[in-house]
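Below: the structure, in C-alpha cells.
The values are calculated or read from the model by the stated rules, or taken from the named source; none is laboratory data. Just so it is clear, the model here is predicted, and its values are computed rather than measured. Virtual Cβ from ideal backbone geometry, glycine too; neighbours counted across all protein chains shown.
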Amino acid sequence: MINIFIHLFLLLAINFSFVYAEVLYIWSQVVPEGKLSIRAIIDDNVCPTAIVDGKETIMLKRCDEDNIEKVCELLVQKDVKEVRVNNVEIPILPKKINKIAFIGDTGCRINTLHQQECNSLENWPLKKNLDSIALHKPSLIIHVGDYHYRRTKCRDTQKCGSVHGYNAQTWHADWFEPTKDISQQSPFLFVRGNHEDCNRAHKGWFRYLDSYPFLSEKCENFVPGWFLDIGLMKFFVFDSSSGEDIFITKSDVDAFSKQFNKLTLSDSDKPVWFLTHRPLWRSPKKEFLTLKNHGNLSQIEAFGDDFPNNVAAIVSGHIHIAQILLMDNVPDQIIVGNGGALLHAQDQENIYHNIEFSYSNGKNYLARKIKNFFGFGFAILDLNDHKLIFYNQDNDEIYSAELTKDFKILAESDHHSR
Ligand SMILES: [Fe+2]
C-alpha cells in the first residue's frame, strides 16, 4: 500500500515538473543594439521560462492584454552561449558567421486575381526552399519582407484551403508552420514588406516580427533603420513598407530621408549591404522595359544618389523573381523575391545590357547588366569564399556571383556562371 502512495507521489511530482506553457511556435531573431530576441507563440496565458546560460529567466508578454493569442519575448545578448525553452535549444548567433541565407516574398498568394495552390508543395514551395536552406546550415536567415499573402477566401478550398485574412491562423499558415523546423536551426533577421504595412498585416508584424520592443498595436508607418554588425560586414535594415513605387509624397520622402540619415551618419567604413523590401531599381516584364521607370521612386528621390561608398549592395524582394542589376554610379541591386509566392516577370531574357532607368523627378540611372534567374529559390552569402550563390527550391545551384573583399559584386564574375 505504502508503495502505491510513493509511486503516485513520484508520478505527480514528475508531472508537475513538466507543466510547461504550451509553445506553438518558437524562434530567435536578431534585433538592434546587438541583441537576440527569443520569441514564442503560446497556447496559454503564462509565458514559458527560458534557461539562459544556465540561469532561469521568465519570458515576457509581447502583445496587448486583450489578444487571445499570446506572444512572449526574451531579449538576450547576441553573444549568449545557450538558450533553452521547454527543453528545446534555441538557435543563437555563432561567434563566426560563415553563411547567410536570403529569402523573400514567401506566403501563398490568394486574392481576387490569384489563387495559388497552397496545399501543393510544388506550387507553393516555401517549405522546400526552407528545407534546402537548412542543408547549408546558415548562421542567419534574412527575410527581405512580405510574409502574409492570403488576403481573400480561396475559391477552391481543396487547392488552397480556407484560411485567409488578417488573423493568427493566416500568419501560422503563411509563415510559422512552414518555418517550424528551420526555426530550431538558425536565427532570423526580418525586414518589413508592404504586405505588413499599416493597411495590411501590421498587427501581426508588430506582435510577431518587428525588431523593436512591443509598445501597442498602433501602427507605425516607418520603423527606424538599424545596423547589424557581423564582423566582416554590416547590414542596414530599412523599412520601405510604405511609400509608393511611382507616385511620391513629400511626407514619404522626408520620412525615408530621416531614416536614411542614420546610415550616412555612421563613421564606420565597413562594407554595408542595405536591406530594403522594395528595390530601388528593378527589371519588370519584357514588354514594359520601354517604360524605363521601374523601381521605387520614393527611395530614389529620398536617397538614390546619397549612398556612401561603403554600401556595397542593396538587397530587396517585392518582385517575385531573383535578379541582379549591375548599376553605374550607385550600389548594385540584388533581388531575392522568389521565396514561395506566385512568381512575377518570368517572361524576360536571361540577360539585358545597358538598360536605362529614367524617372519623372529627372533622375536617370544605367544598369550595365541585368541578370534574371527564373523559378522559386533563395540565395546564400558565403562570407568565407566571398560568393553570393542563387539556388532553386531543390537546392540546385543556379548562379554564383563572386564578390570582392568589400562584398561588392565582381563584374567579371559572369565568366563563372553556369
Ligand atoms: Fe512587396
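Return the residues of the stretch 326-349 that are at pLDDT 95 or above and either under 30 Å from Ser120 (Cβ atoms) or touching a helix residue (DSSP H, G or I) at 6+ places or on another chain (Cβ under 7 Å) (or both); say none if nothing qualifies.
If the condition is that a residue be at pLDDT 95 or above and either under 30 Å from Ser120 (Cβ atoms) or touching a helix residue (DSSP H, G or I) at 6+ places or on another chain (Cβ under 7 Å) (or both), then Leu326, Ile334, Ile335, Val336, Gly337, Asn338, Gly339, Gly340, Ala341, Leu342, Leu343 are the ones that fit.
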Practice item. With the condition kept exactly as written, say whether any residue in the stretch 323-334 is within 16 Å of the ligand (Cβ to nearest atom), assigned to a strand (DSSP E or B) and in contact with a Leu (Cβ under 9 Å, 6 or more places away or on another chain). Key: yes
**Study point:** Verdict on Arg207 being touching a helix residue (DSSP H, G or I) at 6+ places or on another chain (Cβ under 8 Å) and either more than 16 Å from the ligand (Cβ to nearest atom) or outside the structural domain of Cys63 (by TED's automatic domain parsing) (or both)
**Key:** no
Practice item. Only residues in the stretch 170-194 that are within 16 Å of the ligand (Cβ to nearest atom) count as the first member; pair them with residues that are in a loop (DSSP other than H, G, I, E, B) and aliphatic (A, V, I, L, M), Cβ under 6 angstrom, at least 6 apart or cross-chain, and list the lot. Key: Val191/Val144
Check your understanding: What residue, among those in the stretch 305-321 that are within 16 Å of the ligand (Cβ to nearest atom) and assigned to a strand (DSSP E or B), is nearest to Leu342 (Cα to Cα)?
Key -> Ser316
Check your understanding: Taking the stated definitions as given, is Ser216 part of a loop (DSSP other than H, G, I, E, B) and surrounded by 22 or more Cβ atoms within 10 Å (Cβ to Cβ)?
Key -> no
Exercise for review: Please determine, by comparing only the residues of the stretch 348-385 that are in a loop (DSSP other than H, G, I, E, B) and closer than 29 Å to Trp175 by Cβ, which one is nearest to the ligand (Cβ to nearest atom).
Suggested key: Phe376
Exercise for review: Among residues belonging to the stretch 88-108 that are closer than 21 Å to Arg278 by Cβ and outside any loop (DSSP other than H, G, I, E, B), point out the one that is farthest from the ligand (Cβ to nearest atom).
Suggested key: Ile100
Review point. Which residues, taken from the stretch 43-59, are in a strand (DSSP E or B) and out of contact with any Asp or Glu (no Cβ under 6 Å at 6 or more places or on another chain)?
Key: Ala50, Ile51, Val52, Lys55, Glu56, Thr57, Ile58
